[in-house]
1. Name, by its number, the condition in (1) among the aliphatic types (A, V, I, L, M); (2) in a helix (DSSP H, G or I); (3) at pLDDT 95 or above; (4) surrounded by fewer than 21 Cβ atoms within 10 Å (Cβ to Cβ) that does not hold for L96.
2. When the residues of segment 255-287 are filtered to those that are under 16 Å from the mean Cα position of the chain (by Cα) and of a type outside the set (V, I, T), which remaining residue is surrounded by the most Cβ atoms within 10 Å (Cβ to Cβ)?
3. Considering only segment 189-216, how many residues are closer than 19 Å to K247 by Cβ, of a type outside the set (A, V, I, L, M, F, W, C) and at pLDDT 95 or above?
4. Consider segment 144-176. How many of its residues are at pLDDT 95 or above and touching a Ser or Thr at 6+ places or on another chain (Cβ under 6 Å)?
5. When residues of segment 54-85 are filtered for being under 13 Å from A192 (Cβ atoms) and not in a loop (DSSP other than H, G, I, E, B), how many remain?
6. Given the conditions (1) modelled with pLDDT of 95 or more; (2) polar (S, T, N, Q); (3) surrounded by 15 or more Cβ atoms within 10 Å (Cβ to Cβ), report the number of the one that T186 does not fulfil.
7. Which numbered condition trips up S141, out of (1) modelled with pLDDT of 95 or more; (2) polar (S, T, N, Q); (3) part of a helix (DSSP H, G or I)?
8. Counting just the residues of segment 163-183 that are of a type outside the set (G, A, S) and under 16 Å from V233 (Cα atoms), which one comes out surrounded by the most Cβ atoms within 10 Å (Cβ to Cβ)?
Amino acid sequence: MTTTSAASITTTEAAEIARANASGKQPVVFVHGLWLLPSSWAAWQELFESNGFVTLAPGWPDDPATRADALRAPEVFGGKTIGAITNHIAAVIRQLDRKPIIVGHSFGGLIAQKLAGMGLSVASVAIDPAQFRGVLPLPLSALKSASAALGNPKNFSGQVMLTEAQFRYGFANAVSESEARDLYETYAVPGAGRPLFQAASGNFNPRTEASVDSATPARGPLLVISGELDHTVPAAVSGAAFRIQSKNPGITEHAVMAGRGHSLTIDSGWREVADTALAFLARTVAPVTTR
């Protein structure tokens, strides 16, 4: 697994770390998934901060600052691996004075579980998390969503930009056509192909980076959130992840969001999902007295 040092932390990430440490509050680290950027968490960050947390949304290595930048230079997304992304987020976390809560969506949900298994979180929330080794269900809708990348071997080292129709199917199938179009034009960016290949082959590769230490007592409380109608990470997949994680001695809970698809963190119903996460954290994380 490629190592990542604190030297690779961006200026923006360093400023977020300094702000979090200076606040004395419980930090929450948000981890985005494929085809999105850290800015996709803006509404969540505002809500969590209004609830007394301090938040960070580190990028994946070499993430552009904006969607416009991403569309101008899509090549920067090529070659990213699950291991390198995980190590980058871990480098950010290790600069914090206090263990964070980690909230991740899609591949960010897989990475949140990896980081929790490394003992780097006080609690974690995995929203529609990508498949890890040991998760066996592979519904047809998930194969169709992943085919945008897996259908061409050249995408292993490259990047893929979803068409509006592919985004509609994989992300925004549970919202109106007009909202789906708005979400695509606001948030969609190219995505690295390699993590999809890594996840797809994870059950055949004992050394895969698409693996999670679900047994360690250091994992802490975990909430898995599933979108009932998600095509990209169907409820059968996230439910299987929950069943594996539920063998951990820590608190493990599962919430299924009725009528929701993969865009549940960014669409008009995001607040219900965020409130579900906040309620779990209120039950499982001791409050922090700020200095």
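The values are calculated or read from the model by the stated rules, or taken from the named source; none is laboratory data. Nothing here was measured: the structure is a model prediction, and the numbers come from that model. Methodologically, a virtual Cβ is constructed for each residue, glycine included, from the backbone with ideal geometry; neighbour enumeration extends over all protein chains shown.
1. With respect to (1) among the aliphatic types (A, V, I, L, M); (2) in a helix (DSSP H, G or I); (3) at pLDDT 95 or above; (4) surrounded by fewer than 21 Cβ atoms within 10 Å (Cβ to Cβ), L96 is out only on (2).
2. Selected residue: S263.
3. So the answer is 4.
4. Adding up the residues that qualify gives 3.
5. The number of residues fulfilling the criteria is 9.
6. Failing condition for T186: (3).
7. Failing condition for S141: (1).
8. Step one: of segment 163-183, the residues of a type outside the set (G, A, S) are 163-164, 166-169, 171, 173, 175, 177, 179, 181-183.
Going one step further and asking which of them are under 16 Å from V233 (Cα atoms), we end up with 166-169, 171, 173.
Details: Q166: 18, F167: 24, R168: 20, Y169: 20, F171: 30, N173: 20.
Out of the qualifying residues, it is F171.
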